[in-house]
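One structure below.
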Amino acid sequence: MKIHLIGRPQFDLDAFINFLDSQGLTWERTKEAKQPEEIVEVSGRVCYMSFGPKQSPRSNTEYIRNLVNNEHESVLEHVSWTFLITGISRALTHQLVRHRIGFSYSQLSQQYHDETDAEFIEPNQLNDFPEALALWQDAVQSAKEAYKRILESLDTASAVAGEPTSKKEDKRAVRSAARSVLPNATETKIVVTANARALRHFLKLRGAILGDEEMRRLSANLLHHLKAEAPVLFFDFYTESLLDGSPIVRYDNEA
Ligand SMILES: Cc1cc2nc3c(=O)[nH]c(=O)nc-3n(C[C@H](O)[C@H](O)[C@H](O)COP(=O)(O)OP(=O)(O)OC[C@H]3O[C@@H](n4cnc5c(N)ncnc54)[C@H](O)[C@@H]3O)c2cc1C
């Protein structure tokens, strides 16, 4: 699994300072705060216009912790990241795309993309079980072979018998039929954009499911990026290793 972070929030400080100037106000910034953390802080402060003499002595970290602890988390929706995730199974993305709120997706199509050279994501649970691993390998190889042979034998088929159709629709029809034999393990690529609030919800729900190693790896990998991008927004999440070395994402509701 690989996560490429391809989009991140950008705070236009000059534009914000211009706004404050127009109001005759100032803002004491926290030196270490990162851009997404500042966007969240100023969004929260605008709610109360707590700038200038009304600014509390709270640091950016304290301010954001207070927002989270008071469940004023809608302010966290102003910052989003875009991840290109590769090397994950269709089984995993099927679970991922169930997250509807604050998430956007663009996923590799099995109708437009030929899957003849598809790869398969091997579950790590099979590592110590050679017999099960061999069964798994046989199954995915025979699915791949069936996919190719179905494509070849339907090569000249029309999308809808008797109807005049385009090449594009004929191809879609053939690939739709052939892809139905591909397993859940088929490798896929997905672009995911999500805001900080939605990501926190995702990590809470999905990060610590013992029986779902691929999801735990995804959660830990995402958290690794997010901690580098905006540690304060994810202050109450941390990663640990289980006895088998796989990661688990914990949420500390006392933090
Ligand atoms: C351990 C586990 C097991 C699961 N097993 C299954 C399963 O067997 N079958 C299955 O189909 N799914 C299963 N799911 C998926 C689960 O039901 C959710 O679809 C998925 O986790 C997305 O969560 P969500 O709805 O909270 O997220 P989002 O869709 O991102 O929604 C975020 C939040 O917005 C609110 N919200 C969103 N939509 C609505 C709405 N229509 N009405 C009211 N409030 C809304 C809710 O507060 C929700 O928590 C499982 C999930 C987990 C973590």
Margin query: Just to be sure before I move on: is residue 89 touching a residue at least 24 places away in the same chain (Cβ under 8 Å), within 25 Å of residue 180 (Cα to Cα) and out of contact with any Cys (no Cβ under 8 Å at 6 or more places or on another chain) in the structure I sent?
Written below: yes
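Please verify whether residue 142 is in contact with a strand residue (DSSP E or B) (Cβ under 8 Å, 6 or more places away or on another chain) and exposed (fewer than 14 other Cβ atoms within 10 Å of the Cβ), treating the condition exactly as stated. Step through it out loud before you land on a result.
Details: in contact with a strand residue (DSSP E or B) (Cβ under 8 Å, 6 or more places away or on another chain): no; exposed (fewer than 14 other Cβ atoms within 10 Å of the Cβ): yes.
Criteria not met by residue 142.
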Margin query: Give all pairs with beta carbons closer than 6 Å in which a residue from region 25-51 that is more than 12 Å from residue 13 (Cα to Cα) and touching a residue at least 12 places away in the same chain (Cβ under 8 Å) meets a residue that is of a type in the set (Ser, Thr, Tyr) and assigned to a loop (DSSP other than H, G, I, E, B); count only pairs at least 6 apart in sequence or on separate chains.
Written below: 30/59
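Looking for whichever is in contact with a Gly (Cβ under 6 Å, 6 or more places away or on another chain) and either more than 16 Å from residue 97 (Cα to Cα) or of a type in the set (A, V, I, L, M) (or both) here; the options are 249, 181, 191. Which one fits?
Values: 181 fails: in contact with a Gly (Cβ under 6 Å, 6 or more places away or on another chain); 191 fails: in contact with a Gly (Cβ under 6 Å, 6 or more places away or on another chain).
Checking each option against the conditions leaves just 249.
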Next item on the list: Name the single residue, out of those in region 109-128 being of a type outside the set (S, T, N, Q) and loosely packed, with under 12 Cβ neighbours inside 10 Å, that is nearest to the ligand (Cβ to nearest atom).
Entry: 128
Notebook entry, point to check: Within the bounds of region 92-108, is there any residue that is at pLDDT below 95 and either of a type in the set (Phe, Trp, Tyr) or within 18 Å of residue 40 (Cβ to Cβ) (or both)?
Noted result: no
Notebook entry, point to check: Just checking, how many residues over region 217-255 are in contact with a Ser or Thr (Cβ under 9 Å, 6 or more places away or on another chain), assigned to a helix (DSSP H, G or I) and within 21 Å of residue 123 (Cβ to Cβ)?
Noted result: 3
Check: Any idea which residue in region 84-108 is farthest from residue 168 (Cα to Cα), counting only those that are within 16 Å of the ligand (Cβ to nearest atom) and aliphatic (A, V, I, L, M)?
Finding: 101
Check: Between residues in region 195-206 that are over 14 Å from residue 236 (Cα atoms) and assigned to a helix (DSSP H, G or I) and residues that are among the aromatic types (Phe, Trp, Tyr) and within 9 Å of the ligand (Cβ to nearest atom), which pairs lie under 9 Å by C-beta distance while being six or more apart or on different chains?
Finding: 198/103
Note to self: For region 1-108, give me every one of the helices (runs of 4 or more DSSP H) that falls completely inside it and has 2 or more residues that are crowded, with 17+ Cβ neighbours inside 10 Å and within 25 Å of the chain's Cα centre (by Cα).
What the structure shows: 35-48, 60-69, 90-96
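Based on this model, can you work out whether residue 13 counts as touching a residue at least 60 places away in the same chain (Cβ under 8 Å) and over 17 Å from residue 232 (Cα atoms)? Outline the logic, then answer.
Working: touching a residue at least 60 places away in the same chain (Cβ under 8 Å): no; over 17 Å from residue 232 (Cα atoms): yes.
It is false that residue 13 is touching a residue at least 60 places away in the same chain (Cβ under 8 Å) and over 17 Å from residue 232 (Cα atoms).
The values are calculated or read from the model by the stated rules, or taken from the named source; none is laboratory data. What you see is a predicted model; the values in this text were computed from it and never measured. As a convention, Cβ positions derive from the backbone with ideal geometry for all residues, glycine included, and neighbour counts pool all protein chains shown.
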